[in-house]
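Chemist: Let me begin by handing over the structure; questions about it come next.
The values are calculated or read from the model by the stated rules, or taken from the named source; none is laboratory data. Note that this is a predicted model, so its numbers are computed, not measured. FYI the Cβ positions are ideal-geometry reconstructions off the backbone, even for glycines, and counts take in every protein chain you see.
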Amino acid sequence: MTAFSLEPAQLAWCAELRTLAAERLRPLADKGEPGHVNRALVAELGSLGLLGRLFTSGALDLCLMRESLAYACTEAETALALQGLGAHPVHAHGTQEQRARWLPRVADGTAIAAFALSEPGAGSDAAALELRAEPELRGEPESRAEPESPRGEGPPAAPALAAAPDGPARWRLTGEKCWISNAPEADFYTVFARTAPGAGARGVTAFLVPADRPGLTGRGLDMLSPHPIGALDFDAVPVTADDVLGAVDRGFRVAMGTLNLFRPSVGAFAVGMAQAALDATLAHTAGRDAFGGKLRDLQAVSHQVAEMALRTEAARLMVHAAASAHDADAPDVPGRSAMAKLLATETAQYVVDAAVQLHGARALQRGHLLEHLYREVRAPRIYEGASEVQRGIIAKELYARQEAR
């Protein structure tokens, strides 16, 4: 298999996923409440075995899943992706106990995961995050006031907080996270906090933080998004060495490793939306009467459709190439991932916008496929690294390669 063609079995699987998304997932998505976790939808993804595949598949399979689901049900695609984004650090860097506790529940859809990296002042510049993990020294109090949990279930029991005899193995998280998908309704968060002040990317640690930890509260944000996005407040939230993902002060590697895997698949999500918009446009322009013929007979229309198809296929090929490079552990994965996300998300914006233009006013009606896609397609150009950030990554990789010659 090459990056430029798929095996018949893969093509058949993609077709099956599109059918499942339309027949089993779309009805559940339609019953969901915008801005809140659709637990019934997540549970169905688990029962279909798709969430479990997040931990057994490579980057290319992840891309195929996301593109196929996005084509017929963007809400199902996003629910699957967020489970993967929040839980992948646990799968890749967690202890045996962390994995045993959370991954089976993520796989069956009974636990909601979230990836908590962004902050009000540290979005694109993730290395500038300010959430503090302050070491708890011997002699400090072993408990503090316990506010309501972020899910409103009352004050949970606090863990023991005695300091380890060989040094501070316990911390208190203080600060804020913002723009966090699935917050404040997730059951656990992969949280990135500063353990070494002034050390930039080298002083960040990843923690697995259950939502019921005392001092952790959250609030939803009213966003242009069908899934929940919120802010989290950390008021001396207790964490211990048992909550660390990977190594202390090496959490930025956890974050970047996760993003390098998921960035091409963000592109796949975008390609799925672009393909849905393109197919809708083909059907509309072939059947719409205009100026004594069909809309497709107008050269300006047919050339526009050809351009939409050209860009969509180019984006798909770049996504597949980046995913294949990740699966092959190639050295240029960061640059390829950035290129794939950049091209695919910008392409999807172009294709959906062109599709709306060719459909006319009907595409602006609430509930129309293109009205839905027009709202959905904007955010991927920002999250997991805005387009401008991706260009910076690409340039950095190019100059590093040039200097190494």
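Chemist: Kindly indicate the residue of region 196-220 that is modelled with pLDDT of 95 or more and in a loop (DSSP other than H, G, I, E, B) and also nearest to the chain's Cα centre (by Cα) among those meeting that condition.
Modeler: Per the criteria, the residue is ALA211.
Chemist: Now for a separate question. Pairs under 8 Å by beta carbon, first residue touching a residue at least 12 places away in the same chain (Cβ under 8 Å) in region 11-36, partner part of a helix (DSSP H, G or I) and exposed (fewer than 15 other Cβ atoms within 10 Å of the Cβ), six or more apart or different chains?
Modeler: As it stands, the answer is LEU28/ALA40; GLY32/ALA40, since those pairs meet every condition given.
Chemist: Still on this structure, please answer the following. From the list GLY360, GLY335, GLY385, exactly one residue is part of a helix (DSSP H, G or I), within 28 Å of ARG253 (Cα to Cα) and either of a type outside the set (A, V, I, L, M, F, W, C) or at pLDDT below 95 (or both). Which is it?
Modeler: GLY335
Chemist: Quick check on my filter: what residues within region 380-389 are in contact (Cβ under 8 Å) with a residue 60 or more places away in the chain and either in contact with a Ser or Thr (Cβ under 7 Å, 6 or more places away or on another chain) or surrounded by 15 or more Cβ atoms within 10 Å (Cβ to Cβ) (or both)?
Modeler: Correct list: PRO380, TYR383, GLU384, GLY385, ALA386, VAL389.
Chemist: Name every residue in region 274-313 that is free of Cβ contacts under 8 Å to residues at least 24 places away in the same chain and among the hydroxyl-bearing types (Ser, Thr, Tyr), in order of residue number.
Modeler: SER302
Chemist: In region 255-311, which residue that is surrounded by fewer than 24 Cβ atoms within 10 Å (Cβ to Cβ) and among the β-branched types (Val, Ile, Thr) is nearest to PHE115 (Cα to Cα)?
Modeler: VAL305
Chemist: Here's something else I'd like to know. Limited to region 221-241, what total is found for residues that are modelled with pLDDT under 95 and not hydrophobic (A, V, I, L, M, F, W, C)?
Modeler: Number satisfying all stated conditions: 5.
Chemist: Any residue in region 343-366 that's over 23 Å from LEU295 (Cβ atoms): show its pairings with residues that are basic (Lys, Arg) at Cβ separation under 7 Å, as long as the two are six or more apart or on different chains.
Modeler: THR345/ARG381; GLU346/ARG381
Chemist: Scan region 363-380 residue by residue and report those that are under 19 Å from GLU75 (Cβ atoms) and in a helix (DSSP H, G or I).
Modeler: LEU369, LEU370, GLU371, HIS372, LEU373, TYR374, ARG375, GLU376, ALA379, PRO380
Chemist: Given the conditions (1) surrounded by 24 or more Cβ atoms within 10 Å (Cβ to Cβ); (2) hydroxyl-bearing (Ser, Thr, Tyr); (3) under 14 Å from the mean Cα position of the chain (by Cα), and given that SER225 satisfies all but one, which numbered condition is not satisfied?
Modeler: Against the list (1) surrounded by 24 or more Cβ atoms within 10 Å (Cβ to Cβ); (2) hydroxyl-bearing (Ser, Thr, Tyr); (3) under 14 Å from the mean Cα position of the chain (by Cα), SER225 comes up short only on (1).
Chemist: Another question, then. May I ask you to say which residue of PRO34, PRO27, PRO89 is of a type outside the set (S, T, N, Q) and touching a Leu at 6+ places or on another chain (Cβ under 7 Å)?
Modeler: PRO89
Chemist: For region 46-137, give me every one of the helices (runs of 4 or more DSSP H) that falls completely inside it and has 1 or more residues that are buried (at least 20 other Cβ atoms within 10 Å of the Cβ) and touching a Ser or Thr at 6+ places or on another chain (Cβ under 9 Å).
Modeler: 59-72, 74-93
Chemist: Something else about it: In region 335-379, what residues are of a type outside the set (S, T, N, Q), crowded, with 22+ Cβ neighbours inside 10 Å and within 18 Å of the chain's Cα centre (by Cα)?
Modeler: Once the filter is applied, which keeps residues that are of a type outside the set (S, T, N, Q), crowded, with 22+ Cβ neighbours inside 10 Å and within 18 Å of the chain's Cα centre (by Cα), region 335-379 yields ARG336, ALA338, MET339, ALA340, LYS341, LEU342, LEU343, ALA344, ALA348, LEU373, GLU376, VAL377.
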